[in-house]
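Below is one structure; the comments refer to it alone.
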Amino acid sequence: MKAVEVRELVKDYGNFRAIKGISFEVNEGEVFGLIGPNGAGKTTALRVIATLLQITSGSVAVFGYELPKEAGEVRKIISYLPEEAGAYKNLTGKEYLNFIAKFFDDGEKFQDMVRRGLEIANLGERINDKVDTYSKGMTRRLLVGRALMINPRLAILDEPTSGLDVVNAQEVRRIINSSVEAGVAVLLSSHNMLEVELLCHRIALINDGVIVASGTVEELKKEYDAGNIEEAFVKAIK
Amino acid sequence: MIGNIVKKEFKELFTFATLIPLVVIAIVFGLVGQSIGNIGETMEEKPVIGIVDRDDGDFSDIAMPILTERAEVIYSGSSTEEGLEEVRKENGVALLVIPENFSQNIYANHPGEIEIYWIMKGAGVMDSISSGVVEGLIRAVNQGISSKLIQQYSSSDPALVLNPTTRVETTFFKGKEIEGLSSSQLGNMLSSQSIAIPIVVMMLIIMAGASVISSMGMEKENKTLETLLTLPVRRSHIVIGKIVGSALVGMIMAAIYMIGFSRYMTSFQISNINLADFGLSLGMQDYLLIGVSLFTALLAGLALCIVLGTFAKNYRSAQTLVFPITALAMISMFITMFKDFDTIPAALRAFVFAIPFYHPMIAMRALMMDNYPLVIDGIAYTAVFTVIMIVVAVRIFNSDRLLTGSVQKRAGLGKLAWGLRRR
């Protein structure tokens, strides 16, 4: 079964067409990247799949559940990490993880989820401090922990290492990779081409609401006779 | 340089979003003021009264010209029943009865008794102005009699000269006959509730409303809303959870506020009249209805706030959005203080009935007068209002508005309930 199936997706904001009929699939246990410049439509596409935005036309299915009809079922199996996400500032890191885990299970699995969230966030004693006192890197690690602790079938990550320093970014990538090894499908967006090469099994290059090319990193480099994916992207949009 | 900063600040702060609610509320306040009327004009108007003179003695001859000159006398006869009927029919204030032995008693060094039957229309501040004017008439009658006593009977008892008459008062108010209380005494007692209860309700609505609107603003500012909306929880549960949580916070905050305020109000309390002695008490069923009225109004207010909160871009803009709620609560409070529901013009009555916060403010007074239909209709209306607001809020939560500020048209109004069922 496909983790994500997007067919001819169109998304309008009033008179502005942000996505102009894109199609792609994400396989189980795969990291699929939507790559493009700011304003290309990456975040809009992720928000539609994450059940946040309505579909103008086309279809989206997540593990066979159609949107928007089965949005409730989709929300049970996905985890979405927005680019500029925050956490509730008056809660401690641990309270925040507890709060989120309760939506998924309040029995035995709840404890396992929180334990896993604590491991991923790896904030030590600071997990008992209020989120308000966290640095940007600490907050992002807490949020990655929140997103992956529930063992989602699909993790939707919008610029997962946005604003992080090299060390923190590398740590987040390591966490994502280990989740994928555990069977999680990942759909991520990024304009960090190095990150894409390091993380993604397959990518789609998106520009001005249209997918201009898709395939593995190696396939795209070969297709556009490029030394790296950045060069391939520039050639693809010309 | 300063001018440049001033220009920037003005552009940032003086927007249509901040201006429109202010203009609307200013217009509403103006219309409310116009509808309620002018205190000065009411005081200058001659009060409409009836007079029954059974004495026809020297002192009633002093009283009658004073009364007829300063009041519009619409009944002058010998029957109390007829007089009352006429005064009621002509929307009058009181029927004054001067009994047979009035002058005789005064000659015998006993105060003359005047029977006053008050026709009380409302318990608001504005409603009691006419009765205040009649009280002034009685004082004028007393002065006239005192002058006569001083001029002609210098050996009179000084106490009698100072207070030549006593009153036996009966007040008719909303079908109840309350003996031994003047309309102003009853009005004072009821108006102390007219002030305290609306202020409690207003504080509760404003505190809880500000909490829920701020909560929406903070969700957006702290970027937590997107995560919340992708969790496996129904939109209706998010809306209800926010409403109940904010109601609790609002109640705690209002309770803290009211501890101080009740002490402040106690210092103004001058009357020791117990309304229960006059059959104006509330039973358990009445208190239950007041509780239900308050609870539904709070839910309605919060549901309205959550709809308003969806327009908040951040915490600061959320503070601006509290203003319409504050204004509606204040309008309800002032109208409750100044006028009874039954004595305000029909258009204003329809307007205040539409404000959910108005109903708990008037509930206690209405129940005291056995006006159950008004309270029950208010609760029913407020409950319907709450459900509509929750459905609208859920509908907005299901749309793109929360994240993008615009709504993706997907379903008509007929499908509003669909959102509640599916999510």
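Compute the length gained on full extension between B:GLN104 and B:ARG88: take 0.36 nm times their separation in residues and subtract their Cα-Cα distance, giving the result in nm to one decimal. Don't skip to the answer; put the middle values down first.
Details: separation 16, 0.36 × 16 = 5.76 nm, distance 3.06 nm.
That pair, B:GLN104 and B:ARG88, stretches by 2.7 nm at full extension.
Where nothing but the Cβ of Lys and Arg (+1) and of Asp and Glu (-1) is charged, how large is the charge dipole of the protein assembly as shown around its Cα centre, in debye to the nearest 20? Walk me through the intermediate numbers first.
Details: 63 positive and 70 negative charges, 684 e Å.
Once rounded to the nearest 20, the dipole reads 3280 debye.
Going by amide H atoms built from the backbone, whose H comes under 5 Å of the H on B:VAL73, apart from near neighbours?
The answer is B:ILE49.
Going by the alpha-carbon gyration tensor, a ≥ b ≥ c the square roots of its eigenvalues, is the range A:136-201 rounded (a/c under 1.5) or, if a/c is not under 1.5, prolate (a/b greater than b/c) versus oblate? Present the calculation step by step, with values, prior to reporting the outcome.
Values: a/c = 1.70, a/b = 1.16, b/c = 1.47.
Oblate.
Kindly state, to the nearest 0.05, the FRET efficiency for B:SER76 paired with B:GLN319, given R0 = 60 Å and r defined as their beta-carbon distance. Show your work: numbers first, answer last.
Numbers: r = 61 Å, r/R0 = 1.02.
The formula returns an efficiency of 0.45 here.
Tabulate in residue order the Karplus-calculated ³J(HN,Hα) for the range B:326-343, using 6.51 cos²θ - 1.76 cosθ + 1.60 with θ = phi - 60°, rounded to whole Hz; enter x for Gly and Pro.
These are the phi-based 3J(HN,Hα) values: 4, 5, 4, 5, 5, 4, 4, 5, 5, 5, 4, 5, 8, 9, 7, 4, 6, 9 Hz.
Just list whichever of A:LYS11/A:LYS130; A:LYS20/B:LYS220; A:LYS69/B:LYS242; A:LYS42/B:LYS8; B:LYS7/B:LYS313 have alpha carbons separated by over 31 Å in the model shown. Walk me through the intermediate numbers first.
Values: A:LYS11/A:LYS130 38 Å; A:LYS20/B:LYS220 28 Å; A:LYS69/B:LYS242 25 Å; A:LYS42/B:LYS8 34 Å; B:LYS7/B:LYS313 22 Å.
Too far apart for the 31 Å limit: A:LYS11/A:LYS130; A:LYS42/B:LYS8.
Eight or more residues apart or on different chains, and alpha-carbon atoms under 23 Å: count the Lys pairs in the range B:40-189 matching that.
Values: B:LYS46/B:LYS89; B:LYS46/B:LYS121; B:LYS89/B:LYS121; B:LYS89/B:LYS174; B:LYS89/B:LYS176; B:LYS121/B:LYS174; B:LYS121/B:LYS176.
Lysine pairs meeting both conditions in the range B:40-189 amount to 7.
Counting only protein heavy atoms and using a 1.4 Å probe, what share of the accessible area of chain A belongs to carbon plus sulfur, as a whole percent?
Numbers: 4690 of 10280 Å².
The computed percentage sits at 46.
What FRET efficiency do you get for B:GLU9 and A:TYR13 if R0 is 25 Å and r is their Cβ-Cβ distance, rounded to the nearest 0.05?
The value I calculate is 0.25.
Lys and Arg at +1, Asp and Glu at -1: add these up for the other residues within a Cβ distance under 14 Å of B:ILE306 and post the number. Each step should come with its number before you reach the end.
Working: positive: B:LYS220, B:ARG235, B:LYS242, B:ARG395, B:ARG401; negative: B:GLU219.
Its environment carries a net charge of +4.
Can you figure out the FRET efficiency of A:GLU181 with B:VAL384, using R₀ = 51 Å and their beta-carbon distance, to the nearest 0.05? Don't skip to the end; give the middle numbers.
Details: r = 55 Å, r/R0 = 1.07.
The pair A:GLU181/B:VAL384 has a calculated efficiency of 0.40.
Averaged per residue, what accessible surface does chain A expose to a 1.4 Å probe, in Å²?
Working: 10280 Å² over 238 residues.
Roughly 43 Å² per residue, with all protein chains present.
Under the rule of -39500 (n - 2.57) per DSSP H run of 4 or more residues, summed and divided by the residues of the protein assembly as shown, what mean residue ellipticity at 222 nm is obtained, to the nearest 500 deg cm²/dmol? Write down the numbers at each step before the final one.
On the way: 27 runs with 371 residues, N = 661.
Rounded to the nearest 500, the figure is -18000 deg cm²/dmol.
For the range B:40-189, what is the charge dipole size about the Cα centre, in debye to the nearest 20, if Lys and Arg each add +1 at the Cβ and Asp and Glu each add -1 at the Cβ?
Working: 11 positive and 24 negative charges, 81 e Å.
Taking the Cα centre of the range B:40-189 as origin, the dipole is about 380 debye.
If the cut-off is a Cα-Cα distance under 24 Å, which lysines reach A:LYS109, setting aside same-chain residues fewer than 8 apart in sequence?
A:LYS76, A:LYS94
When the accessible area of each residue in the range B:229-253 is compared between its chain alone and the complete protein assembly (1.4 Å probe; ligands, DNA and RNA ignored), which residues differ by at least 20 Å², being lower in the assembly?
B:THR230, B:LEU231, B:PRO232, B:VAL233, B:ARG235
Spelling out what I want: for every residue of the range B:180-187, take phi, set θ = phi - 60°, compute 6.51 cos²θ - 1.76 cosθ + 1.60 (Karplus), and round to whole Hz; glycine and proline get x.
x, 10, 7, 5, 6, 5, 5, x
Mind checking the angle between helix A:136-148 and chain A's longest principal axis? C-alpha axes, 0 to 90 degrees, to the nearest 10.
The answer is roughly 80 degrees.
For the range B:246-256, in order, what is each residue's ³J(HN,Hα) by Karplus, 6.51 cos²θ - 1.76 cosθ + 1.60 with θ = phi - 60°, in whole Hz (x at glycine and Pro)?
So the J values, rounded to whole Hz, are 5, 4, 5, 4, x, 5, 5, 5, 5, 5, 4.
Tally the DSSP beta bridges in the range B:40-189 and give the antiparallel ones as a percent, rounded to 5. Kindly include the intermediate steps, with their values, before the conclusion.
Working: 8 of 27 bridges.
Bridges in the range B:40-189 are about 30 percent antiparallel.
Which shape class applies to the range A:1-69: rounded if a/c is under 1.5, otherwise prolate when a/b exceeds b/c and oblate if not, where a ≥ b ≥ c are the square roots of the Cα gyration tensor eigenvalues?
Values: a/c = 2.11, a/b = 1.32, b/c = 1.60.
It comes out oblate by the Cα gyration axes.
Give me the one-decimal nm value for the distance between modelled label points at A:GLU119 and A:PHE99, 7 Å along each residue's Cα-to-Cβ direction.
Spacing of the two 7 Å Cα→Cβ label points: 2.5 nm.
Could you give the nm distance between label points at B:ALA140 and A:GLU197, where each point is 7 Å from its Cα heading toward the beta carbon?
Between B:ALA140 and A:GLU197, the label points sit 10.2 nm apart.
Once you have a ≥ b ≥ c as the square roots of the Cα gyration tensor eigenvalues for chain A, tell me rounded if a/c is under 1.5, and otherwise prolate or oblate according to whether a/b is larger than b/c.
Numbers: a/c = 1.85, a/b = 1.43, b/c = 1.29.
Judged from the Cα gyration tensor, chain A comes out prolate (a/c at least 1.5, a/b above b/c).
Could you give the nm distance between label points at A:GLU66 and B:PHE29, where each point is 7 Å from its Cα heading toward the beta carbon?
5.5
Could you please state how large a percent of the accessible area of the range B:40-189 is carbon and sulfur, counting protein chains only and using a 1.4 Å probe? If you can, show how the numbers build up before the last one.
On the way: 3110 of 7100 Å².
Carbon-and-sulfur percentage of accessible area, whole number: 44.
Amide H to amide H, which residues 5 or more places from A:SER214 or on other chains are under 5 Å from it, using H placed in the peptide plane?
A:LEU205
Which residues, if any, in the range A:37-63 have at least 40 Å² less accessible area in the whole protein complex than in the isolated chain, probe 1.4 Å?
Residues meeting the cut-off: A:ARG47, A:LEU52, A:GLN54.
Leaving out ligands, DNA and RNA, calculate the buried accessible area for the pair B and A with a 1.4 Å probe, summed over both sides, in Å² to the nearest 100.
Numbers: alone 21530 and 11430 Å², together 30550 Å².
Roughly 2400 Å².
Within the range A:93-123, find all residues whose amide N lies under 20 Å from a label point positioned 7 Å from the Cα of A:THR133 along Cα-to-beta-carbon.
Answer for the range A:93-123: A:93-99, A:118-119, A:121-123.
The values are calculated or read from the model by the stated rules, or taken from the named source; none is laboratory data. Every value quoted in this text rests on a predicted model; they were computed, and no experiment measured them. Because the Cβ atoms are built from the backbone with ideal geometry, glycine has one as well, and the counts that use them run over all protein chains shown. The area values use the complete protein model at the heavy-atom level, side chains included, leaving out ligands, DNA and RNA. Shrake-Rupley method; radii C 1.70, N 1.55, O 1.52, S 1.80 Å.
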